[in-house]
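Taking it in order: structure first as structure tokens, then the write-up.
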Amino acid sequence: MTILRDSVTQPKANIGKALSDTACNSRGAPWTRVNQLLHSNPNLWRGCDMAGQGFHGIGTGYHELDDILPGRGWPSSGLVEVIARHSGMGELQLLIPLMQSVIKQGKWILCVAPPYLLNAPALTQAGIDIGQILIVKQDTPCKDALWSMEKAMQTETCGLVLAWQNWLPGKVLRRLQLAAEVGDTLAVLFKHNDSKYSPSSLRLQIKGSVTDNRDFSRAEVTVIKARGNFRPLSAQFSLYPKTVSA
Amino acid sequence: MEDPNNSAQKPVATAGSRKSGVIKLPLANRCGPGKQRRTNNESNKEPAKSRPRRQSLWYAIYFPQLSELSESQQTQILYELAGLAENVSATVSFHSQALVCEIRSSLRYFGGIDNIHSKLQSLIVPALQTRSLGDSFLYAASPTVSGSLLLARSGHNALVYQKENLRSALGKLSVDVLDLQKEQHRRLHNMGVRKIRDIWRLPVEGLHKRFGSNFVNSLSKAAGTSPEPTRNYIPSPEFSVSYDLPYEVENINYLLPIIDEILIKLRDFLIQRDLSTSHLLLSMVHEKRSRTEIDIGLRQATRHRDHLLLLIETHFAQLAVPAPVVGLKLEVKQFDAFLSESDALLTEERVECRSKINSKHLDQFMEQLHARLGDDALKSINTIAEHCPEYATQQLNYEDKKAQMSATGVTNNPRPFWLLDEPIQLTLKGSKLYHRQAITLISGPERIETYWWSGLDILRDYYIARERNGSRLWVFRERSGERNWFLHGYFS
């Protein structure tokens, strides 16, 4: 078995690139056949895919993103860091399908100290019941914001905690990650800067499409770190179901 | 002059069975012995019939001096005295200027009616003296409430043990003790009626006609031929526990185990009375300083110890005590009825049930947040049918939310998730727009013109734009004045 395993994982640079490029963009026929072949052998696992490990995530709503995430979706609990260097990268749009599914479960979403006013008509347009959203006001001190995050994660009926905090030390992140795991809740932290060695279960970076700045809806998401994944993958896809045309 | 109705029925009632006087069973009385045996197993009233029911003995305490006080004062004093009378009886009821307590059940415990009387006297006389209401009261005991009251009012201080003797004992009383209107008293006097005995002799139907059924009823109640419903004294619950610490405590977190113990007491107290609480007051006593008080108001009444402890803990996290604590006191300010939730049996109801439990969890979480962050920290949002973007979102305190939730029409034009508090002015260099980096317009314009009536006069052309670093922006250009460009939101 080990020989088989090695033979697949060794040229990981090549396969990784092939995966990110081919699997996500042009889902061509030859590649699907290779995929089928690989899936048919249960003794074989691929580095970028944790599906064989019995771990299933919550679908992100974007195929291309599912493909590069372990468990094919968001982890069911833990801390997720979404890094966008500037506001307006589509970081909230990325989470809209997740928010919808949380609300469908009858749970509510807590937004802790958002940087700007949350625009209600936009959320309604995105199909989110704003009655299920609670906001801890903008100018809450960091200590209190973290405290309310932790408390919300311990509350059963809170399905998702969104927080905007930039400079959090590793110790605090670790504590949040533990609280999220214990409370079986997903917490998403939006940041402008990446912090290395963060203990969170998933770290994503979202950028506007590099190739064409005029393409409004496309975004590039890079998985910097994911539990069960060992090398960065990235995908480019359209964030909006119907494109906002020029 | 034997009246046909009342007195004819009475011998039957007393001789046959005492019970039939209270609960009329005309059919059972009339039917033959064979039939009666058959009903023996069916009727639930039979056991009482076969075994003579224990008569109750009512001890009436009458305070003639109360008549000078106003009605509210009377009720207040009676309420306080009822608390004292509870020392000898579990059933204390209120009557005008009088209290009546059931003492048959406590006769053996106290060892006779004399002991009960002296006990009551030792309790009530000092209470009357402190209110300068003299030091005497009238009393009597008999098997009916009204009978005892009449006897007490007459000032005879009589004791009638058996119901059979009650009628003759009452008969001796003057009609003045009856609680009647002046006109009725005059009429009785004119009829030549001086004693209650004389009324017994009158035909009941005539009495009904002349004095109304209330009059006849009250008399038959007194004689023990009709049931007497009473309004009983129920003491109001009170919970107040103090704890003196053996030494001074500076770190208030050390108080939590003690508070936990007090909360266990509170929980037991509430469970015993089937109550819950929605307002608590915790005070910490300092030496030579006024006490520190924590006012704990709850959104939903509870008797959950963990939740209360959590709230107190949260309050403690924010609290700084001015001096070491030497004592603790927990008081309940507001009691509420306890409402429990049951899980649904049917699957259709389960969703509803779950949502109820969810909202309870949410309420508890909310209380915790409010305790720490203050009352206006938590917001919810609502859409308003409004063209002007900054007024289309309404930020509400969570409290007001439920009343105001409304699904209003939302535009189909793209709106950003983030809106800036104040639009930021962009710089225009040559033909290029700059915020942090150069901005390219992608789509637009969407023209918004509103508030012309209020002087604000909003005339704007909105564009979707993109900064060179990739930010999706929502910018607008004023169509009046200097025609400046502004950044108003982010398509996040």
Q.
Given R₀ = 45 Å, what would the calculated FRET efficiency be for residue B:190 paired with residue B:273, taking r from the Cβ atoms and rounding to 0.05?
A. 0.25
**Q.** Calculated FRET value between residue A:240 and residue B:176, using beta carbons and R₀ = 60 Å, to 0.05
**A.** 0.05
Q: For a label point 7 Å from the Cα of residue B:289 along Cα→C-beta, name the residues of the range B:236-270 whose backbone N is under 19 Å from it.
A: B:243-256
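Length gain on complete extension for the stretch residue B:395 to residue B:449, per 0.36 nm per residue less the alpha carbon to alpha carbon distance?
Full-extension gain reported as 17.1 nm.
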Q.
Need one number: nm distance between label points at residue B:333 and residue A:35, each 7 Å from Cα along Cα→Cβ, rounded to one decimal.
A. 6.3
Q) Which shape class, rounded, prolate or oblate, goes with the range B:418-490 when its Cα gyration tensor gives a ≥ b ≥ c as root eigenvalues, a/c under 1.5 marks rounded, and past that a/b bigger than b/c marks prolate? A) prolate
Q. With charges only on Cβ, +1 for K and R and -1 for D and E, what is the dipole size of the range B:58-223 about its Cα centre, in debye, rounded to 20?
A. 740
Q.
What does the charge count around residue A:77 come to, taking other residues whose C-beta lies under 9 Å from its C-beta (Lys +1, Arg +1, Asp -1, Glu -1)?
A. -2
Q | Two-site FRET efficiency, residue A:56 against residue B:375, from Cβ-Cβ distance with R₀ of 45 Å, rounded to 0.05 | A | 0.60
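No value in this document is a laboratory result; all are computed from the given coordinates. Everything quoted here is computed from the prediction, not taken from an experiment. Here Cβ is always computed from backbone atoms with ideal geometry, including for glycine, and neighbour counts include all displayed protein chains.
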